[in-house]
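See structure below.
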Amino acid sequence: TQRLDSIMTAILRIDPRSPAVTHGVKGLGDYTIPMANKFAADGDPKTLGEIYAYGFRNAHRISWDMEDGTMFASDIGMDNIEEINIVRNGENYGWMKREGYWENGRPRGGALNELFPLPADVLNGRQKDGFTYPVAIYDHDEGRAVTDGFAYHGRIAALRGKFVFGDIQRGRLFASDLAAMKKADDGIPQTVAPIEEIQLYVRDASGRRVDVSLQELIEKTLGAKTTRADLHISRSRDGELFITSRQDGVIRTLVPDSGGDADMDPMETET
């Protein structure tokens, strides 16, 4: 998975037009390779030029901060760590040698579900190991699989300037400060941005606030218990966020509350 002659674990960047149209370099399919890709211009015939970045276990979704173009990837981990990465051209995000800012056990002859601490000088950034590390992480005490995430610049004041994402299985919604995430993109593995949990709530018929979880909303719609939320997030044209679940098929949206209420609780990750 650390090979550059395979598209496994990679994010690709292509020009979908045929080389017959662009007169450019052909990729694995009938598309053109952008020569701005670092591996397209490295002069090495053994690297695939369509690879933009690599070393992801499952870059489940990608998105961009529409204000400055920062590219984010939500990378689903193996057994321990879920990641949010800032993605840049030509960089190696570590899988399967790394998960979060730990060393995976497989290169040591162990198992994929084993993690070992990085050497202290690598962890603190004094020694470079060639990998790019996540800017936010959480472990499997908090969730099981990270879902879509978006830089939020919409109407909800408490979320403005945050990166909003969640966990597919448990349906928890998280947020991390965009400025802190970008600051954590500093080449020091142990630097990650704090994560908060977003408390969802609805108003009952009397206008009283009622705290809820997405799981509870889904189960109310279904009229039955379910073991997973199947959370996904998407963004509207005007920058607001839709919350969906394959369990009940309902599309929900986060909206500002006239009462001004908004709760987010800090979350810690330990492994």
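The values are calculated or read from the model by the stated rules, or taken from the named source; none is laboratory data. This structure is a prediction, so every number in the text was calculated from the model and none was measured. Backbone-built Cβ (ideal geometry, glycine too); neighbour counts: all protein chains shown. The protein model used for the area step is the full one, side chains on, heavy atoms only, and it has no ligands, DNA or RNA in it. Shrake-Rupley method; radii C 1.70, N 1.55, O 1.52, S 1.80 Å.
Students often forget the sequence filter, so: which aspartates and glutamates lie under 12 Å Cα-Cα from K225 once same-chain residues fewer than 8 apart are removed?
Reachable aspartates and glutamates: E216, D248.
Rounded to a whole number, what is D in µm²/s for region 85-189 from Stokes-Einstein with the Kirkwood radius over alpha-carbon pairs (4 °C, 1.567 mPa s)? Write down the numbers at each step before the final one.
Working: Rh = 15.3 Å.
Estimated diffusion coefficient is 85 µm²/s.
Picking from Q199, S6, S18, whose Cα lies most toward the positive end of the charge dipole for the chain (charges on Cβ: Lys, Arg +1; Asp, Glu -1)?
S18
Rg to Rh for the chain: what is it, with Cα atoms only and Rh by Kirkwood?
Working: Rg = 20.3 Å, Rh = 20.1 Å.
With Rg and the Kirkwood Rh in hand, the quotient comes to 1.01.
Using the Cα centre of region 67-179 as the reference point, and only Cβ charges (+1 on K/R, -1 on D/E), how large is the resulting charge dipole? Debye, rounded to the nearest 20. Can you show the working numbers first?
Numbers: 13 positive and 18 negative charges, 28 e Å.
Computed charge dipole of region 67-179: roughly 140 debye.
Which percent of the accessible heavy-atom area of the chain goes to carbon and sulfur, probe 1.4 angstrom? Can you show the working numbers first?
Details: 6880 of 13560 Å².
On the chain, the fraction of accessible area on carbon and sulfur atoms equals 51 percent.
For the pair S234 and A41, how long in nm is the line joining their label points, each one 7 Å along Cα→Cβ?
Distance between label points: 3.5 nm.
Say we join alpha carbon atoms closer than 10 Å with springs in a Gaussian network model of the chain; which of V255, V21, V202 then has the biggest fluctuation?
In the Gaussian network model the winner is V21.
Which of the residue pairs K97/K220; K26/K128; K128/K162; K97/K162; K38/K97 have a Cα-Cα distance greater than 32 Å in the structure shown?
Values: K97/K220 42 Å; K26/K128 34 Å; K128/K162 29 Å; K97/K162 30 Å; K38/K97 22 Å.
Over 32 Å apart, Cα to Cα: K97/K220; K26/K128.
Can you tell me which of 63-72, 218-227 comes out highest on packing, and rank the rest after it, using the mean Cβ neighbours within 10 Å? Provide the component values of the computation, followed by the final result.
Numbers: 63-72: 14.8, 218-227: 12.7.
Result, highest mean first: 63-72, 218-227.
Between A224 and S18, what length in nm is gained on full extension when 0.36 nm per residue of separation is reduced by their alpha carbon distance?
On the way: separation 206, 0.36 × 206 = 74.16 nm, distance 5.02 nm.
Contour length minus Cα-Cα distance gives 69.1 nm.
Please give the per residue accessible area of the chain, computed with a probe of 1.4 Å over protein heavy atoms only, in Å². Mind dumping the intermediate values first?
On the way: 13560 Å² over 271 residues.
I get 50 Å² per residue for this part.
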